[in-house]
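K.L.:
Below: one structure in structure tokens.
The values are calculated or read from the model by the stated rules, or taken from the named source; none is laboratory data. Keep in mind that this is a model prediction, so the values were computed, not measured. No Cβ is skipped: glycine too gets one built from the backbone with ideal geometry, and neighbour counts run over all protein chains shown. Ligands, DNA and RNA are excluded from the accessible area calculation, which covers all protein heavy atoms including side chains. Shrake-Rupley method; radii C 1.70, N 1.55, O 1.52, S 1.80 Å.
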Amino acid sequence: MTAVLLSVRPRYARAILAGTKTAEVRRRFPHQPPGTTLYLYSSTPDRAVLGTAQLDVIDRPSADRVWTLYQDQIDIEKTALGEYLSDLEAAAILRINDVRRWRHPVPLRDLRLHLGIEPPQSFRYLTDEHIGLLERIRARETLGLSYSVAGA
């Protein structure tokens with residue numbers, strides 16, 4: 001399975017999970033197949049994985065066309081977008097679907113302790129082992145069970 005841990009500012013993570021943001025703007029992003037699972041890590045102050053989304057497609061429009069093409073999907077102000085993309089020729093627009101908010105987010109301490117990973121500045125690939133551990137931690141949190149390193 002292809003999966004990516006995507007760091008997102010809390011405001012945008014919440015908008016994705018609320019369904020008001022259906023496309024994420026990135027300065028650059030590698031080619032990924034449709035159906036790639038995006039684990040949404042909300043940065044400070046949340047510092048937790050809040051849910052998942054599926055990658056529908058990555059569009060790569062010229063930076064000066066992003067606002068015109070995606071303003072209703074990206075939930076960002078025009079000025080902020082312009083500043084973010086100011087020195088780029090093209091942007092990466094991650095169009096997403098099948099968003100799932102987790103009832104119990106997985107905090108940073110669990111990513112560090114059980115998966116041995118730090119949240120990325122932008123994104124990082126997750127191995128099948130990372131995915132399995134993350135899903136087990138989430139399931140145990142959902143069930144209200146405790147867990148240990150050996151049990152994860």
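K.L.:
Of these, 99, 106, which one is among the aliphatic types (A, V, I, L, M) and under 22 Å from residue 33 (Cβ atoms)?
P.N.:
Unique residue meeting the criteria: 99.
K.L.:
Next up: State whether the residues of the range 132-146 include one that is modelled with pLDDT of 95 or more, within 15 Å of residue 5 (Cα to Cα) and of a type outside the set (Lys, Arg).
P.N.:
No: the range 132-146 contains no residue that is modelled with pLDDT of 95 or more, within 15 Å of residue 5 (Cα to Cα) and of a type outside the set (Lys, Arg).
K.L.:
Need the failing condition index for residue 116 against (1) under 15 Å from residue 27 (Cα atoms); (2) out of contact with any Ser or Thr (no Cβ under 7 Å at 6 or more places or on another chain), just the number.
P.N.:
All conditions are met except number (1).
K.L.:
Please specify each residue of the range 122-132 satisfying the condition of being open to solvent by 100 Å² or more (accessible area, probe 1.4 Å), outside any strand (DSSP E or B) and not acidic (Asp, Glu).
P.N.:
Correct list: empty.
K.L.:
For the range 1-14, which residues satisfy the criterion of being open to solvent by 10 Å² or more (accessible area, probe 1.4 Å) and of a type in the set (A, V, I, L, M)?
P.N.:
Across the range 1-14, the qualifying residue is only 1.
K.L.:
Which residue out of 101, 28, 95 is in a loop (DSSP other than H, G, I, E, B) and touching a residue at least 40 places away in the same chain (Cβ under 8 Å)?
P.N.:
Going through 101, 28, 95 in turn, just one is in a loop (DSSP other than H, G, I, E, B) and touching a residue at least 40 places away in the same chain (Cβ under 8 Å): 28.
K.L.:
In addition: Which one is least open to solvent (accessible area, probe 1.4 Å), of the residues in the range 62-91 that are touching a Phe, Trp or Tyr at 6+ places or on another chain (Cβ under 8 Å) and free of Cβ contacts under 8 Å to residues at least 60 places away in the same chain?
P.N.:
Only one residue tops the list, namely 81.
K.L.:
Let me ask another. Do we have any residue at all in the range 78-91 that's in a strand (DSSP E or B) and within 14 Å of the chain's Cα centre (by Cα)?
P.N.:
No, that holds for no residue.
K.L.:
Just checking, does the range 110-121 include any residue being in contact with a Phe, Trp or Tyr (Cβ under 9 Å, 6 or more places away or on another chain), at pLDDT below 95, open to solvent by less than 50 Å² (accessible area, probe 1.4 Å) and farther than 21 Å from residue 17 by Cβ?
P.N.:
Within the range 110-121 (the criterion being in contact with a Phe, Trp or Tyr (Cβ under 9 Å, 6 or more places away or on another chain), at pLDDT below 95, open to solvent by less than 50 Å² (accessible area, probe 1.4 Å) and farther than 21 Å from residue 17 by Cβ), the answer is yes, since at least one residue qualifies.
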